[in-house]
1. Can you find a residue that is under 22 Å from residue 159 (Cα atoms), surrounded by 24 or more Cβ atoms within 10 Å (Cβ to Cβ), within 16 Å of the ligand (Cβ to nearest atom) and within 17 Å of the chain's Cα centre (by Cα) anywhere in the stretch 110-119?
2. For the stretch 202-217, what are the residues that are more than 10 Å from the ligand (Cβ to nearest atom), assigned to a strand (DSSP E or B) and modelled with pLDDT of 95 or more?
3. Hey, among 288, 277, 330, 309, which residue is over 14 Å from residue 261 (Cα atoms), more than 16 Å from the chain's Cα centre (by Cα) and touching a residue at least 60 places away in the same chain (Cβ under 8 Å)?
4. Go through the stretch 250-287 and give me each residue that's within 16 Å of the ligand (Cβ to nearest atom) and on the phi > 0 side of the Ramachandran plot.
5. Out of all the residues in the stretch 218-232, which are in contact with a helix residue (DSSP H, G or I) (Cβ under 7 Å, 6 or more places away or on another chain), within 12 Å of the ligand (Cβ to nearest atom) and assigned to a strand (DSSP E or B)?
6. May I ask you to say which residue of 22, 15, 10 is within 26 Å of residue 277 (Cα to Cα), away from the ligand (no atom under 16 Å from the Cβ), at pLDDT below 95 and in contact with a helix residue (DSSP H, G or I) (Cβ under 7 Å, 6 or more places away or on another chain)?
7. What is the residue count in the stretch 233-247 for residues that are over 17 Å from the mean Cα position of the chain (by Cα) and more than 9 Å from the ligand (Cβ to nearest atom)?
Ligand code: ASP
C-alpha cells in the first residue's frame, strides 16, 4: 500500500494569477449529463424528479460553501450525492458494458495546488469520486485502474458493493436495446432508440456522466467528474472523464471544468485543458473559451456533449451542443438555478 503523499505541489512555471483579485462570491455548478432531448417523453413528475435531485445537491453544496468549505470538498461531496442518485450514470445507476458489467471512472482536481486523483475501471467501489479523492490525498500516483484501484479504495476504507448493486432495470434495458440494435461498441448517439425512454433526455442517446466545479470563499477552484461510461462500451474502454485535461481540470489561475459527452472527442481535443489554455494564453473570458471548445472544436471531431465551467473571477459557463444537459449552479446568497433544455435559461429553486 502506498502511504506517502502525493501529487506534489506545482512547479514554479505553473500558470498563476499574477495580481491579487477582489474575492468573487463562492459558487457551485453541477451537471448530470447531456444528450438528445425528448421533451415529448417527459412527464411533469419526471422533470420534477430531475430538477429536485439537482436542486438538492446545489442547496447542500451552497450551504457548505457559505460555511467556508474548500472547493475540493464541495465538489467531491456534490458528485458523491449525484453518484448515489440512480437517475444519473455514475455509482448507483452506472451503465453496463457490452459484457453486462460495470466499469466506473472518476477524477478530482484542486486548482490551488494542481494536485489530482483519478481512477478508471472500478467495479466495486460504491463512490468512485471518493476513490479519486483518496488517490489525490494518499497516493504518489495520479491514477489507478481496475482491480488495483478498487483494492486501493478498500484499503482506504471506502465501501465496496456487489456488482448487482450498481445496475438498475432501466440500465439493463438500455444495454439490451443497444445490443439488439447492434449499435456496436458505442452507441449511435445520433439515432433515436425504439426503447421507451426513462427521462427527459433519451437514455439511449444521453451522456449521463456527473460533475461539479466550484469556487470557494478563499478564491480556490476545484473540479470533479464521475461516470459509468457509455452503455455497451467494450470492456476495458476508458473515456475522458477520469483524464485530467480531457474530462476534468482545475487551475486557480483560470478555470475549473467538468465535461460530459462522447469521450473519445474530448480526449482527442484535450477539451477541459483547452478551455483553460484559451483563457491563459489568449486571454479569452470563460464563456468565449468554453463555447469555442464545445461549439467549434468538439463538433469538428464529431464530438457531442457539453461542459460546466467556473472561472477564477466567479463567472459560470455551461455550454453544450446537444439538445439538453442536466445542469445548475448556486451562488452563495442567491437562489440556485437549474435547467435541462437548450432553450431554458434556468429555473430558480
Ligand atoms: N464522457 C463519458 C465517457 O465517454 C460519457 C458521458 O459523458 O456520459 O465515458
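The values are calculated or read from the model by the stated rules, or taken from the named source; none is laboratory data. Not measured: the values here are computed from a predicted model. Cβ coordinates were reconstructed from backbone atoms using ideal geometry, including for glycine residues, and neighbour counts include every protein chain displayed.
1. Scanning the stretch 110-119, I find at least one residue that is under 22 Å from residue 159 (Cα atoms), surrounded by 24 or more Cβ atoms within 10 Å (Cβ to Cβ), within 16 Å of the ligand (Cβ to nearest atom) and within 17 Å of the chain's Cα centre (by Cα), so the answer is yes.
2. Filtering the stretch 202-217 for residues more than 10 Å from the ligand (Cβ to nearest atom) gives 202-205, 212-217.
Narrowing further to those that are assigned to a strand (DSSP E or B): 202-205, 212-215.
Matches in the stretch 202-217: 212, 213, 214, 215.
3. Details: 288 fails: touching a residue at least 60 places away in the same chain (Cβ under 8 Å); 277 fails: touching a residue at least 60 places away in the same chain (Cβ under 8 Å); 309 fails: more than 16 Å from the chain's Cα centre (by Cα).
From the options 288, 277, 330, 309, the qualifying one is 330.
4. Step one: of the stretch 250-287, the residues within 16 Å of the ligand (Cβ to nearest atom) are 257-275.
Across the stretch 250-287, the qualifying residues are 261, 270.
5. Within the stretch 218-232, just 226 meets the criteria.
6. On the way: 22 fails: in contact with a helix residue (DSSP H, G or I) (Cβ under 7 Å, 6 or more places away or on another chain); 10 fails: in contact with a helix residue (DSSP H, G or I) (Cβ under 7 Å, 6 or more places away or on another chain).
Answer to the check: 15.
7. Within the stretch 233-247, residues that are over 17 Å from the mean Cα position of the chain (by Cα) and more than 9 Å from the ligand (Cβ to nearest atom) number 3.
Conditions (1) part of a strand (DSSP E or B); (2) modelled with pLDDT of 95 or more; (3) out of contact with any helix residue (DSSP H, G or I) (no Cβ under 9 Å at 6 or more places or on another chain), marked per residue:
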residue	(1), (2), (3)
240	no, yes, no
266	no, yes, no
294	no, yes, no
329	yes, yes, no
345	no, no, yes
